[in-house]
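A quick write-up on the structure given underneath.
The values are calculated or read from the model by the stated rules, or taken from the named source; none is laboratory data. This one's a predicted model, so the numbers in the text were calculated from it and none came from an experiment. Counting neighbours? That spans all protein chains shown, and the Cβs are built from the backbone with ideal geometry, glycine included.
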Amino acid sequence: MLVITTMTGKSLIDGMALALLMPRNDHTSRRGTCVEDVFVMMERPHCLVVGVGAGTGLACVRRFVDGGYKVSMIARHEERLLSFADSIPHTMAYPSDLAEPDNYRATLRRIVDEQGPPKKVVYNAALATFQPYSELDIDLFERNFRVNTTGLLVTAQELAPQMVTAGDGALIITGNTGASRGIPRFVGFSPTKASQRILAESLARELGPQGLHIAYVVIDAMIDMPMVRNRLTDKPDDFFAKPDDIAGEIFHTAHQPPSTRSFLVEIRPFGEPW
């Protein structure tokens, strides 16, 4: 009897080779043993995606599932999140409001209890208010900070120690142009993203030497989503950043080797001025 609990990289190849040596019976072909039985016995590594909407977050979920992970998903809208879990295998839905730190902290602990500590985390949560400074509601301003910045801190507090112990971990945070400059009507958003970027850098400088890769991915683009397309009907297709392409870069960044790791990663369409 062959028992395989966790396999990644070389161990996966070794496990498949061992499966070829397993005796066949009348109902199982050698090919079936290798491809099916080994993967059934294999325990998928755990990824957590925080902030799963219909764009970048969902694309990241699909990319990590395709890359061999089971994925826990966090978002505020429960019904939509459950529909994602129903349609994508190896995913689990955990509705939570990041604007309520205690609620979010409890959700993270539940995920660890039920799924184990994640090996890779994508922090894609974002909340924005776009108003002139003179009209900006202070409560909304502080709520944006709780989702964009405080939520990241809570994530690190709850998960980083376990990820450091396990090794080969990565925490990837998605940002945008607001993290590096402020413009009119972005008063309720840009400061929260700038503080998020500085928090990420502080975490990277402390946790990076302990082996936990932390990276900040700046998406300097309009993301290709229906609501964005509806507002920018005159723009060509190559004006927009594709969620699947963004997710591919995030997956790549999360798997950089220890000797060549990035912190600040900027991505944009080829024609985007910068």
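If I go through the range 102-128 residue by residue, how many of them are surrounded by 18 or more Cβ atoms within 10 Å (Cβ to Cβ) and farther than 27 Å from A254 by Cα?
0
Identify all residues within the range 164-176 that are surrounded by 15 or more Cβ atoms within 10 Å (Cβ to Cβ) and in a helix (DSSP H, G or I); write none if there are none.
Once the filter is applied, which keeps residues that are surrounded by 15 or more Cβ atoms within 10 Å (Cβ to Cβ) and in a helix (DSSP H, G or I), the range 164-176 yields only A166.
Going by what's in this entry, would K193 be described as outside any helix (DSSP H, G or I), over 19 Å from L58 (Cα atoms) and either of a type in the set (S, T, Y) or at pLDDT below 95 (or both)?
Spelling it out, it is not the case that K193 is outside any helix (DSSP H, G or I), over 19 Å from L58 (Cα atoms) and either of a type in the set (S, T, Y) or at pLDDT below 95 (or both).
Considering only residues that are free of Cβ contacts under 8 Å to residues at least 60 places away in the same chain and of a type in the set (K, R), which ones fall in the range 94-139?
Within the range 94-139, R105, R109, R110 meet the criteria.
Is at least one residue of the range 206-223 closer than 17 Å to L48 by Cα, outside any helix (DSSP H, G or I) and in contact (Cβ under 8 Å) with a residue 60 or more places away in the chain?
There is no residue in the range 206-223 that is closer than 17 Å to L48 by Cα, outside any helix (DSSP H, G or I) and in contact (Cβ under 8 Å) with a residue 60 or more places away in the chain.
Could you list, in sequence order, the residues of the range 116-162 that are under 17 Å from A215 (Cβ atoms), of a type in the set (S, T, Y) and not in a helix (DSSP H, G or I)?
Within the range 116-162, Y123 is the sole residue that qualifies.
Does Y133 satisfy the condition of being of a type in the set (F, W, Y) and modelled with pLDDT under 95?
Answer is yes for this residue.
Is it true that some residue in the range 71-84 is more than 15 Å from H46 (Cβ to Cβ), part of a helix (DSSP H, G or I) and touching a Pro at 6+ places or on another chain (Cβ under 7 Å)?
There is at least one residue in the range 71-84 that is more than 15 Å from H46 (Cβ to Cβ), part of a helix (DSSP H, G or I) and touching a Pro at 6+ places or on another chain (Cβ under 7 Å).
Quick grid of which residues meet (1) under 18 Å from L153 (Cα atoms); (2) surrounded by fewer than 18 Cβ atoms within 10 Å (Cβ to Cβ); (3) in contact with a strand residue (DSSP E or B) (Cβ under 7 Å, 6 or more places away or on another chain):
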site: G178; (1), (2), (3): no, no, yes
site: F186; (1), (2), (3): no, no, no
site: Q196; (1), (2), (3): yes, no, yes
site: L199; (1), (2), (3): yes, no, no
site: L203; (1), (2), (3): yes, no, yes
site: G208; (1), (2), (3): yes, yes, yes
site: I214; (1), (2), (3): yes, no, yes
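Would you confirm whether any residue within the range 53-60 is modelled with pLDDT under 95, farther than 30 Å from N144 by Cα and assigned to a loop (DSSP other than H, G, I, E, B)?
no
Would you mind telling me which numbered condition in (1) buried (at least 21 other Cβ atoms within 10 Å of the Cβ); (2) more than 30 Å from I183 (Cβ to Cβ); (3) in contact with a strand residue (DSSP E or B) (Cβ under 8 Å, 6 or more places away or on another chain); (4) not hydroxyl-bearing (S, T, Y) L98 fails?
(2)
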